[in-house]
Amino acid sequence: MAFPEPKPRPPELPQKRLKTLDCGQGAVRAVRFNVDGNYCLTCGSDKTLKLWNPLRGTLLRTYSGHGYEVLDAAGSFDNSSLCSGGGDKAVVLWDVASGQVVRKFRGHAGKVNTVQFNEEATVILSGSIDSSIRCWDCRSRRPEPVQTLDEARDGVSSVKVSDHEVLTGSVDGRMRRYDLRMGQLFSDYTGPITCTCFSRDGQCTLVSSLDSTLRLLDKDTGELPPILYKGHKNQEYKLDCCLSERDTHVVSCSEDGKVFFWDLVEGALALALPVGHGVVQSLAYHPTEPCLLTAMGGSVQCWREETYEAEDGAG
């Protein structure tokens, strides 16, 4: 006799504030989880990058080497390297353990808004307000990029990478998806873009625009009308959006001090989480658990679900 499959747990949303990290690095421009969600990076207006254990609230290392504020950072799949980009137009490759600069890539003509490793961490992709995306080989000594994607007609605000695709968003209003296997470029117009991302199952793309609207597009068809998510405020700043760890909810920063959660399928607002007074500049969602990091002003807040019990020393 076959037993019925247990019902999957209903998704829990992180709405209990566990910790506030006073980062001590000026305004926090971005917060990012590492690949397994055990650590996070904060990018500061004071030119530093910091590595934390967010649940314990402990600072592990400070990385100094940028000449201007750091705007984005990412960790490699094996946690051995970091990359970052900033207002000094440079892309920096770091050794996590030593804190040393391994390489500094120069070539962008404007500030670097966004950086990502490819899956093997052999290439860094960087997007800049100079309208280009540059691909830098981490292993070679050559100073110039191995490839430049220059289809955007205005600043590049967002770059995301999967195993065979590059997803980009630009202030020119177009989301561009480069399929590296097929050698194809797909483009959708939504209005000036602040953030793009893939769903965790890889089937959809989420795009956030300066008209205070997020759109979820089915990747394969593209023709289907996108699901729209509204209620937050995003008219001036480059704000982050993402999907929850099980692709059940769409999550976005807002300029009114909240983080908004919508039901992915229904498009209905599920939660408006009050963070504080000001703009929620950045957010990061844990890869496997209902855990959210938000950045406002000079601090980062760590949120968990209501039923979460902190382990000894981690609460």
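The values are calculated or read from the model by the stated rules, or taken from the named source; none is laboratory data. Since the structure is predicted, the reported quantities are computational estimates derived from the model, not experimental observations. Using ideal geometry, Cβ is built from the backbone for each residue, glycine included, and neighbour counts are taken over all protein chains shown. Accessible surface areas use protein heavy atoms only, side chains included; no ligands, DNA or RNA. Shrake-Rupley method; radii C 1.70, N 1.55, O 1.52, S 1.80 Å.
For this structure, a couple of remarks:
- All conditions but one from (1) among the basic types (Lys, Arg); (2) buried (at least 16 other Cβ atoms within 10 Å of the Cβ); (3) without any contact (Cβ under 8 Å) to a residue 12 or more places away in the chain apply to Arg141; the one that does not is (2).
- Residue within segment 102-113 that is surrounded by fewer than 23 Cβ atoms within 10 Å (Cβ to Cβ), closer than 25 Å to Met182 by Cα and touching a residue at least 24 places away in the same chain (Cβ under 8 Å) present: no
- Scanning segment 264-295 for residues that are within 19 Å of Ala30 (Cα to Cα), in contact (Cβ under 8 Å) with a residue 40 or more places away in the chain and assigned to a strand (DSSP E or B) gives Leu273, Ser282, Leu283, Ala284, Tyr285, Cys291, Leu292, Leu293, Thr294, Ala295.
- Note on segment 148-166: residues that are surrounded by fewer than 18 Cβ atoms within 10 Å (Cβ to Cβ) and either farther than 14 Å from Lys238 by Cβ or in contact with a helix residue (DSSP H, G or I) (Cβ under 7 Å, 6 or more places away or on another chain) (or both) total 7.
- Close contacts from segment 31-54, counting a first residue that is over 18 Å from Val70 (Cα atoms) and a second that is hydrophobic (A, V, I, L, M, F, W, C) and surrounded by fewer than 20 Cβ atoms within 10 Å (Cβ to Cβ), with Cβ to Cβ under 6 Å and a gap of 6+ residues or different chains, come to Val35/Phe77.
- Filtered residue count, segment 167-187, keeping only those that are open to solvent by 50 Å² or more (accessible area, probe 1.4 Å) and either under 20 Å from Arg200 (Cα atoms) or of a type in the set (Val, Ile, Thr) (or both): 4
- Scope segment 249-263; condition open to solvent by less than 30 Å² (accessible area, probe 1.4 Å) and either in contact with a Phe, Trp or Tyr (Cβ under 7 Å, 6 or more places away or on another chain) or not in a strand (DSSP E or B) (or both); matching residues: His249, Val250, Val251, Ser252, Ser254, Glu255, Gly257, Trp262
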